Amino acid sequence: MSTVDEETAAREQDANDRYNNTNALTILFCRTKYADKGLDFLWSGLSADEQITTSFVVEHIVLETLTIEACLPLSLVLDSWVTFHLLSVAIPVDMTKNAFETFDAQELEIQATSYLKPLVPETELVFGKHFTDHMITIEWSAESGWNKPHIKPYGKLELEPSSVCFEGMKAYKDTEGHIRLFRPEMNMDRLNKSSARLGMPTFDSEELVKVITEFLRIEDRWIPSKRGYSLYLRPTIIGTQTALGVRAPDTALLFVIASPVGPYFSTGFTAIRLLATTDYVRSWPHGTGDCKVGGNYAACVKPQSIAAEKGYQQNLWLFGEDDEVTEAGTMNFFMLWENFDTGRKELITPALNGLILPGVTRDSILSLVKSWEAETGIFVREGKITMADILKAVEENRMIEMFGAGTACIVSPIKCINYKGKDIEIPLGKTKNDSEAGPLTKRINDTVLDIQYGVVKHPFSRIIL
């Protein structure tokens, strides 16, 4: 061991020793000295588990960040920290890293199934109908935190469900047989954000990626190698508290199941028709529209059925008195038009204002099209879009293309919007009016596929096996 490693190990051991000996001191100091400043009130409002977690954070910040580094007296450090805490109300996220609780992929336990299901022919693949041989489960409780991750035979879950959030991502197999994931860190980060919004636990993103990697090693035979085919992954966190009441659950389950899927458009692009919905809303300010939680989708089922009965494939979700466009069904909304004020071609999508899900495909499209600006002359913008904007652009022949975007389809061309009982025809691209996808829509789709299957090297695609 090098001198540097020895010094680091000694400092870490010193920190652990100090932590084990100062729990009571920290709590006593905070509760007594700062009672007149309101900290005792804050402290008494916490549950026993929250008090333990808070003291853990305090001690690690004090002992590892300040006391050890600067050799300051503990009382002075606590004084500085508490004053800072009272001024800032909350501890910044980057200061709590040492107290971040997560499961450990190295503790993964694997129980292989004794029976392997027959693979489903590609021609019979239906989204979400067939599942692989195994699943991932990781239990959590407020009392003991995360348990060991498990890979076990796929089967039914017995639980008392409450809040739920989830993700949708895919595993791809390239021509050399490597297994790839498309920007998995974004899915993990969003799952953490959604779980925290529902008062449920978070985890280290890379630890779940590692567990999923081992899962895919086992389920390798289920990952199609043909372009357009993939293994759809559904990471989910669900509260499992066996009690009634509206509160954060004290137990939860993180699980991952997988389903082989084929291309969204099996016979080429098929543009969709949307019913602009004003009687129902998908999201609202300060709600959960920017999280991937079950309630967002449950509220969409009835409006989707109404749209289908009227001959439309999806809803166009509107919000507010000016009918602001938010999302297209379960997809982010994009349109390519000539901006009335600037006269330039512009790809615009609704800004992330709390009403919009920050889609992985959405972010990827914005990045790609921005990189093509010098070649295409297309400017990329995030901003507000209203139905009045769309109507005027169509009337003045400034609308060029329109599409939805998401993991399932990549891009889905839009050819019609029904708004207040009237169908508005949307062009599918001025250069190919007989096509079901405009040139930009098709280029985005082809480029993302090339990245996902490793045809072109790109940081968006991660080889995991």
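We did not get these values from a lab; they are worked out from the coordinates using the rules stated. Quick caveat: nothing in here was measured; it's all calculated off a predicted structure. All Cβ positions, even for glycine, are placed from backbone atoms using ideal geometry, and neighbour counts span all protein chains on display.
Worth pointing out:
- Each peptide in 196-204, 311-319, 283-291 gets a packing score, the mean of other Cβ atoms within 10 Å over its residues, and the list from highest to lowest is 311-319, 196-204, 283-291.
- In this structure the amide hydrogen of MET135, modeled in the peptide plane, comes within under 5 Å of the amide hydrogens of LYS152, TYR154, none closer than 5 places in sequence on its chain.
- Distance between the 7 Å Cα→Cβ label points at ASP220 and SER367: 2.8 nm.
- Most to least packed among 215-228, 159-172, 443-456 [average Cβ atoms within 10 Å]: 159-172, 443-456, 215-228
- Distant-in-sequence amide H partners of CYS416 (H built 1.01 Å from N, under 5 Å): LEU274, ILE426
- Under Karplus coefficients 6.51, -1.76 and 1.60, residue-wise ³J(HN,Hα) of segment 293-306 in Hz, glycine/proline x: 10, x, x, 4, 8, 4, 5, 8, 5, 5, x, 5, 5, 4
- Under Karplus coefficients 6.51, -1.76 and 1.60, residue-wise ³J(HN,Hα) of segment 311-326 in Hz, glycine/proline x: x, 10, 7, 8, 8, 9, 7, 10, 8, x, 5, 9, 6, 6, 6, 10
- Approximating the spin labels as points 7 Å out from Cα along Cα→Cβ, the ILE464-to-ALA408 distance works out to 2.2 nm.
- Given +1 at the Cβ of Lys and Arg, -1 at the Cβ of Asp and Glu and no other charges, the dipole of segment 313-414 around its Cα centre is 300 debye to the nearest 20.
- Residues with amide H under 5 Å from that of ASN332, placed H, sequence gap 5 or more: ALA405
- Peptide packing for 205-211, 376-382, 401-407, 423-429 was compared via the average number of neighbouring C-beta atoms within 10 Å per residue; ordered from the highest value, the list is 401-407, 205-211, 423-429, 376-382.
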